[in-house]
1. Can you find a residue in the stretch 186-198 that is aliphatic (A, V, I, L, M), within 30 Å of Ala321 (Cβ to Cβ) and assigned by TED's automatic domain parsing to the domain that holds Leu269?
2. Just to be sure before I move on: is Leu82 buried (at least 22 other Cβ atoms within 10 Å of the Cβ) and either outside any strand (DSSP E or B) or out of contact with any Pro (no Cβ under 9 Å at 6 or more places or on another chain) (or both) in the structure I sent?
3. Take the conditions open to solvent by less than 60 Å² (accessible area, probe 1.4 Å) and away from the ligand (no atom under 16 Å from the Cβ) and apply them to Val63. Does it pass?
4. Do you know which of the residues in the stretch 111-159 that are polar (S, T, N, Q) and either open to solvent by less than 20 Å² (accessible area, probe 1.4 Å) or out of contact with any strand residue (DSSP E or B) (no Cβ under 6 Å at 6 or more places or on another chain) (or both) is farthest from the ligand (Cβ to nearest atom)?
5. Quickly run through the stretch 298-348 and pick out the residues that are modelled with pLDDT under 95 and among the hydrophobic types (A, V, I, L, M, F, W, C).
6. Taking Val45 and the conditions (1) closer than 24 Å to Ala133 by Cβ; (2) β-branched (Val, Ile, Thr); (3) within 14 Å of the ligand (Cβ to nearest atom), which numbered condition does it fall short on, given that it satisfies the others?
7. Residues in the stretch 90-106: is at least one within 16 Å of the ligand (Cβ to nearest atom), open to solvent by less than 10 Å² (accessible area, probe 1.4 Å) and in contact with a Gly (Cβ under 9 Å, 6 or more places away or on another chain)?
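The values are calculated or read from the model by the stated rules, or taken from the named source; none is laboratory data. From a predicted model like this one, the values you see are computed outputs, not experimental measurements. Reconstructed Cβ throughout: ideal geometry from the backbone, glycine too, with neighbour counts over all protein chains shown. Surface accessibility is based on the protein's heavy atoms, side chains included, excluding ligands, DNA and RNA. Shrake-Rupley method; radii C 1.70, N 1.55, O 1.52, S 1.80 Å.
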Amino acid sequence: MTKVRALVLERQHELALRDIDLPLDVGPGMVRIAIHTVGVCGSDVHYYTHGKIGPFVVNAPMVLGHEAAGTVTEVGAGVSHLKVGDRVCMEPGIPDPNSRASRLGMYNVDPAVQFWATPPVHGVLTADVVHPANYTFKLPDHVSFAEGAMVEPFAVGMQAASKAKIAPGDTALVLGAGPIGTMVALAALAGGCARVIVADLAQPKLDIAAQYQGVIPVNIRQKSIVDEVKRLTEGWGVDVVFECSGSPHAWKTIMELPRPGGAIVVVGLPVEPVAVDIAGASVKELRIENVFRYAHQYDRAIALIASGKVDLKPLISETFAFEESKAAFDRAVEARPTDVKLQIRVAE
Ligand code: ZN
């Protein structure tokens, strides 16, 4: 065990920046990484405010954070694709490589997956971490640490766009313009959509999404999304609907939005079970897909960012110093509609 400074969630509502013992021995196939930048995620904030998410309960002090980029400082035996000094970002979920889900290529749904900052697994708001090299990805020189820490949430958008099976020129609809909805919209555009309609109640969120070419913002406080989709698609419907709001309300009219033979990709999770209009889906032969985190997306997410086709920099709203981590979390709790992503710079 090695003592390192970390942002520790002691229990619900109580954060401390303090030293903690973490296992930092670099075994075969592992790399040690000095953390540079970490994004604050909705899940980190939810553990802070509620002490749990579904079945995952914070019963012991836990280091927060899972959206991270840093620099390799030590390389374990057998690691050939990384060297000391490489700038990297990391996939936060480590599956059992021999599990049935992993062997099927669906390692994200391996029941044994160990995911950063999901109890009881520590996260990465800490100076150093040891991680499998296979889940550590080199950043091109011109991709910043801040962008590297955005790869994790963008990978969720990539997973959603992949599940949608977008064809060039498609029209998509994203319900919910939060950080994930915005990432999904960008991945759908990069994946070939000609237009992405983005719907939300909050105008500031829509204004941020509308900076991107191809995004059509719709404020559903002012307009019916069913009417707007009909108007924009001459009554045919969109090729794919991405449900990113998590609002049970969204499900009441969702079957009216896709075209016949279209798709619904479920990204946002309602906290309560919702009624789904199966008959409405049936008469259009809709395809319904689900997204849980991501698998095999990091390489392509980094490639898109490096190419300039996807620019995530406008989504970084503010960066806090490590010593100001608690302020960053309290700001995140405010949930300002003008904030997309808050980041913490662990190292200068
Ligand atoms: Zn996240």
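1. In the first step, residues of the stretch 186-198 are kept if they are aliphatic (A, V, I, L, M); the result is 186-190, 194, 196-198.
Then drop every residue that is not within 30 Å of Ala321 (Cβ to Cβ), which leaves 186.
Of the ones still in play, those that are also assigned by TED's automatic domain parsing to the domain that holds Leu269 are 186.
Taking every residue of the stretch 186-198 in turn, at least one turns out to be aliphatic (A, V, I, L, M), within 30 Å of Ala321 (Cβ to Cβ) and assigned by TED's automatic domain parsing to the domain that holds Leu269.
2. The answer is no for Leu82.
3. Numbers: open to solvent by less than 60 Å² (accessible area, probe 1.4 Å): yes; away from the ligand (no atom under 16 Å from the Cβ): no.
Against the criterion (open to solvent by less than 60 Å² (accessible area, probe 1.4 Å) and away from the ligand (no atom under 16 Å from the Cβ)), Val63 does not qualify.
4. Restricting to residues being polar (S, T, N, Q) and either open to solvent by less than 20 Å² (accessible area, probe 1.4 Å) or out of contact with any strand residue (DSSP E or B) (no Cβ under 6 Å at 6 or more places or on another chain) (or both), the top hit is Asn134.
5. Within the stretch 298-348, Ala335, Ala347 meet the criteria.
6. (1)
7. yes
Conditions (1) without any contact (Cβ under 8 Å) to a residue 24 or more places away in the chain; (2) more than 16 Å from the ligand (Cβ to nearest atom); (3) not charged (D, E, K, R), marked per residue:
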{"site": "Met1", "(1), (2), (3)": "yes, yes, yes"}
{"site": "Leu7", "(1), (2), (3)": "no, no, yes"}
{"site": "Leu17", "(1), (2), (3)": "no, yes, yes"}
{"site": "Gly29", "(1), (2), (3)": "no, yes, yes"}
{"site": "Ile33", "(1), (2), (3)": "no, yes, yes"}
{"site": "Thr37", "(1), (2), (3)": "no, no, yes"}
